[in-house]
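K.L.:
Here it is: the structure, laid out below.
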Amino acid sequence: MISEIAKNIAPSSTLAISAKAKELRGKGIPILGFGVGEPDFNTPEYINEAAKNAIENGFTKYTAAAGILPLREAIAKKLNEENKVSYTPEQIVVNSGAKHSLFNAFMAVLNPGDEVIIPAPYWLSYTEMVKIVGAVPKVVRPSKQNGYKLQADELKNAITTKTKAIIINSPSNPTGLVYSKEELKQLADIAISKDLWIISDEIYEYLVYEGTEHVCIASLSDEIYNHTIVINGFSKGFAMTGWRVGYTASPLEVAKAMSNIQSHAVSHPSSISQKAAEAALTGDRTSIHNMIAEFAKRRDYMYNGLCEIPGLDVLKPYGAFYCLVDVSGLYGKSYEGTIINNEATLAKLLLDVAEMAVVPCEDFGIPNCIRLSYAVGIDVIETGIARLKKLVSNLQ
């Protein structure tokens, strides 16, 4: 017997696709992986050295539940200098990855039956996390004409007496959209007028292109600051996915609640990973800047290549490392008797025939689309686009 909560939680399709691709590679099939959102760069050496030093110096014991003070101080300094928003170390809680940060935030402010507004497309774990804590995900589907960015009137229409929070993800997974300061202010003002929490997922903040500016929503006013829980971490911008270090910045009462929850759930994040994260923020970031510059080149190469394939409608990304592609223009076509009638069928054909793994996006709240990550080498992108173009050209 398992719980009703467990029965109602969908597995992660992105991790499932990644696992399938690895399985096929293990059998000698040269699968190109465009699925999971993970930088293909190694963690910078100065960060690795900090972790090695922590081990050698015996920094392998329990730490404070909210994280070590030097790391929380470094995060507070980073937020003040880079994001123009002031937090004390006591308002920072370090978690085992940004996914864990989100979960702690939901646990701290949501009650069973509360509604959480989630604009689609969305990262697929949002809805499942909300359900795990007993709250209700309320998906809102902004129009494609507005780049899938939530508009003020759409937010107003979605709010009910049960609404407790709204999730904003900028830069976004899977769209690569980035909200401007004005767009964020409009949404935040509505949230404040209805006394809602803003859960701001900013994990991709460093991955922005063409001079696009990332704006921390909590920096826009004191009122917004007091209604916002900022979610961030080290996985994407510092190529530290496996280290599992995320953090929250929030009003003190919420931070204390999250720290208390964490103390009972996992005690604290890895002591060694915390030392690595501290080094990430305080060391030389040249390698990080080089990684971001390479992502910008890959973005251009993938976007331009996909745009040349008939039947695909590609949304230009300005952040993160994904291209969202509407494939409905291929519906009704077939390949050796297999009719393409949804994005999942196309994704399976791409895996079986073109030997490339992409993510069908129904679980992201946007049917008819697939997501391709450009956190892979240019050579992989070039080969993948050629395989995709060949498959499409052979459709009947």
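K.L.:
How charged is the neighbourhood of Pro310? Take every other residue with its Cβ under 14 Å from the Cβ of Pro310, and add Lys/Arg as +1 and Asp/Glu as -1.
P.N.:
Numbers: positive: Lys333, Lys389, Lys390; negative: Glu308, Asp313, Asp326.
Surrounding charge for Pro310 is 0.
K.L.:
Report the Cα centroid-to-centroid distance between segment 59-87 and segment 161-232 in angstrom, as an integer.
P.N.:
The distance from the Cα centre of segment 59-87 to that of segment 161-232 comes to 21 Å.
K.L.:
Which value, to two decimals, describes the C-alpha radius of gyration of segment 210-323 once divided by 2.2 N^0.38 Å? Walk me through the numbers on the way to the answer.
P.N.:
Numbers: Rg = 18.3 Å, N = 114, 2.2 N^0.38 = 13.3 Å.
Taking the Cα Rg and dividing by 2.2 N^0.38 Å, one obtains 1.38.
K.L.:
A follow-up question, please. On average, how much accessible surface per residue is there in the chain, in Å², for a 1.4 Å probe, leaving out ligands, DNA and RNA?
P.N.:
Details: 16750 Å² over 396 residues.
Per-residue accessible area for the chain comes out at 42 Å².
K.L.:
Using Stokes-Einstein with the Kirkwood hydrodynamic radius over Cα pairs, what translational diffusion coefficient do you get for the chain at 25 °C and a viscosity of 0.890 mPa s, in µm²/s rounded to a whole number?
P.N.:
Details: Rh = 21.8 Å.
D, rounded to a whole number, is 112 µm²/s.
K.L.:
Hey, any idea what % of the chain's accessible area is carbon plus sulfur with a 1.4 Å probe? Don't skip to the end; give the middle numbers.
P.N.:
Details: 8520 of 16750 Å².
Whole-percent figure for carbon plus sulfur exposure: 51.
K.L.:
Can you grab the distance from the C-alpha centre of segment 291-353 to the C-alpha centre of segment 133-160, Å, no decimals?
P.N.:
25 Å
K.L.:
Still on this structure, please answer the following. Based on Cα positions only, what radius of gyration and what Dmax would you give for segment 121-210, in angstroms?
P.N.:
Expressed in Å, the Cα Rg and Dmax of segment 121-210 come to 13.0, 40.
K.L.:
Please list Ser250, Ser334, Ser287 from largest to smallest accessible area, probe radius 1.4 Å, with all protein chains kept in place. Intermediate values should be presented prior to the final figure.
P.N.:
Numbers: Ser250 0, Ser334 25, Ser287 55 Å².
Sorted descending by solvent-accessible area, the residues read Ser287, Ser334, Ser250.
K.L.:
Starting at the first residue of segment 267-277, write each ³J(HN,Hα) from the Karplus equation 6.51 cos²θ - 1.76 cosθ + 1.60 with θ = phi - 60°, in whole Hz, x for Gly and Pro.
P.N.:
Listing the rounded values in order: 6, 5, x, 3, 4, 5, 5, 5, 5, 5, 5 Hz.
The values are calculated or read from the model by the stated rules, or taken from the named source; none is laboratory data. Here the structure is a predicted model, which is why all the values come from computation and not from measurement. Cβ: placed from backbone, ideal geometry, glycine included. Neighbour counts: every protein chain shown. Calculation scope for accessible area: heavy atoms of the full protein, side chains included, ligands and nucleic acids excluded. Shrake-Rupley method; radii C 1.70, N 1.55, O 1.52, S 1.80 Å.
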